[in-house]
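Asks: Please see the structure below; I have some questions.
The values are calculated or read from the model by the stated rules, or taken from the named source; none is laboratory data. Just so it is clear, the structure is predicted and the values come from calculations on it, not from any experiment. Note: ideal-geometry Cβ built from the backbone for every residue, glycine included; neighbour counts use all protein chains shown. What goes into the accessible areas is simple: the full protein's heavy atoms, side chains included, and nothing from ligands, DNA or RNA. Shrake-Rupley method; radii C 1.70, N 1.55, O 1.52, S 1.80 Å.
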Amino acid sequence: DDLDAISAVLDEAEKLIRLRNRECSRQWFFLSILIPTALAMLSVLGLVVTRQSAVAALSDNGWQVCVTALLGSLGALGSVCLRNEKLTLDANAGVTLHIIEGVARVLVGVIAALLFVLMVKGGMMLHSVPESTERVYLLFALGIICGASERALPGFIKKGEDFVFPKED
């Protein structure tokens, strides 16, 4: 009986340790995503509030590229939040690894949105959408989607490679 009681206590302790491990690693990981995303959103807010002077400094196209790229961070955050339960995190890996992975996910979202908007501005995508003042909202929305998509960046890279290095038949 004593052995069964000790085993039950140890099992309960193991469950609590696993739970605390998961909580700790999730906290590290989500903070490492929330902080750079918050900084990116503050930058977007700054670009929107100072739009006239930002456009004067960057041009309208430059302003749109900056805002769209930064919105990719919001997509990355949304993607991680939606797949929250599927994440495999382990506090034993250490805080540094969690921070690197979280920041990297945000950067990949920004890079995907940046590549997308540059391809649009370069005439490689969205030919059928006419230029208009409302088109910028489509760019912003698609920038967020690109930041959330795991397939966006590889797809854009492939499209760019095919453009630069067309296959000869």
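Asks: Of the residues that sit in segment 136-153 and are modelled with pLDDT under 85 and either touching a strand residue (DSSP E or B) at 6+ places or on another chain (Cβ under 7 Å) or not acidic (Asp, Glu) (or both), which one is farthest from Val44 (Cα to Cα)? So that I can check it myself, show each step before the final result.
Replies: Within segment 136-153, the first condition is being modelled with pLDDT under 85, and the residues that meet it are 150-153.
This time we only want the ones that are either touching a strand residue (DSSP E or B) at 6+ places or on another chain (Cβ under 7 Å) or not acidic (Asp, Glu) (or both), so: 151-153.
On the way: Arg151: 24, Ala152: 22, Leu153: 21 Å.
By that ranking, first place goes to Arg151.
Asks: For segment 113-129, indicate whether the set of residues that are part of a helix (DSSP H, G or I), more than 19 Å from Gly160 (Cα to Cα) and either among the acidic types (Asp, Glu) or open to solvent by 80 Å² or more (accessible area, probe 1.4 Å) (or both) is non-empty. Quick ask: steps written out before the conclusion?
Replies: At the first step, the residues of segment 113-129 found to be part of a helix (DSSP H, G or I) are 113-121.
Subsequent filtering for residues that are more than 19 Å from Gly160 (Cα to Cα) retains none.
No, because not a single residue in segment 113-129 is part of a helix (DSSP H, G or I), more than 19 Å from Gly160 (Cα to Cα) and either among the acidic types (Asp, Glu) or open to solvent by 80 Å² or more (accessible area, probe 1.4 Å) (or both).
Asks: Still on this structure, I have one more. Determine which member of the set Phe163, Phe156 is in contact (Cβ under 8 Å) with a residue 12 or more places away in the chain, farther than 24 Å from Gly46 by Cβ and either open to solvent by 30 Å² or more (accessible area, probe 1.4 Å) or hydroxyl-bearing (Ser, Thr, Tyr) (or both).
Replies: The unique qualifying residue is Phe163.
Asks: Starting from segment 8-24, keep only residues that are in contact (Cβ under 8 Å) with a residue 40 or more places away in the chain, then list their pairs with residues that are open to solvent by 80 Å² or more (accessible area, probe 1.4 Å) and assigned to a helix (DSSP H, G or I) whose Cβ atoms are within a distance under 6 Å, requiring at least 6 positions of separation or different chains.
Replies: Close Cβ pairs (under 6 Å, with a partner that is open to solvent by 80 Å² or more (accessible area, probe 1.4 Å) and assigned to a helix (DSSP H, G or I)) do not exist here.
Asks: Here is a list: Thr50, Thr37. Which entry is among the β-branched types (Val, Ile, Thr), modelled with pLDDT of 90 or more and farther than 23 Å from Gly109 by Cα?
Replies: Working: Thr37 fails: farther than 23 Å from Gly109 by Cα.
None of the other options fit; the residue is Thr50.
Asks: Test Thr96 against the criterion of being modelled with pLDDT under 95, hydroxyl-bearing (Ser, Thr, Tyr) and part of a helix (DSSP H, G or I), and give yes or no. Give the derivation first.
Replies: Working: modelled with pLDDT under 95: yes; hydroxyl-bearing (Ser, Thr, Tyr): yes; part of a helix (DSSP H, G or I): yes.
So Thr96 passes the test.
Asks: Looking at Arg135, is it under 21 Å from Arg22 (Cβ atoms) and either open to solvent by less than 80 Å² (accessible area, probe 1.4 Å) or out of contact with any helix residue (DSSP H, G or I) (no Cβ under 6 Å at 6 or more places or on another chain) (or both)?
Replies: Working: under 21 Å from Arg22 (Cβ atoms): no; either open to solvent by less than 80 Å² (accessible area, probe 1.4 Å) or out of contact with any helix residue (DSSP H, G or I) (no Cβ under 6 Å at 6 or more places or on another chain) (or both): yes.
When the stated conditions are applied, Arg135 does not pass them.
Asks: Here is a follow-up. Using the structure shown, decide if Val95 is closer than 30 Å to Cys24 by Cα and surrounded by 12 or more Cβ atoms within 10 Å (Cβ to Cβ).
Replies: Considered against the rule, which asks whether it is closer than 30 Å to Cys24 by Cα and surrounded by 12 or more Cβ atoms within 10 Å (Cβ to Cβ), Val95 comes out as yes.
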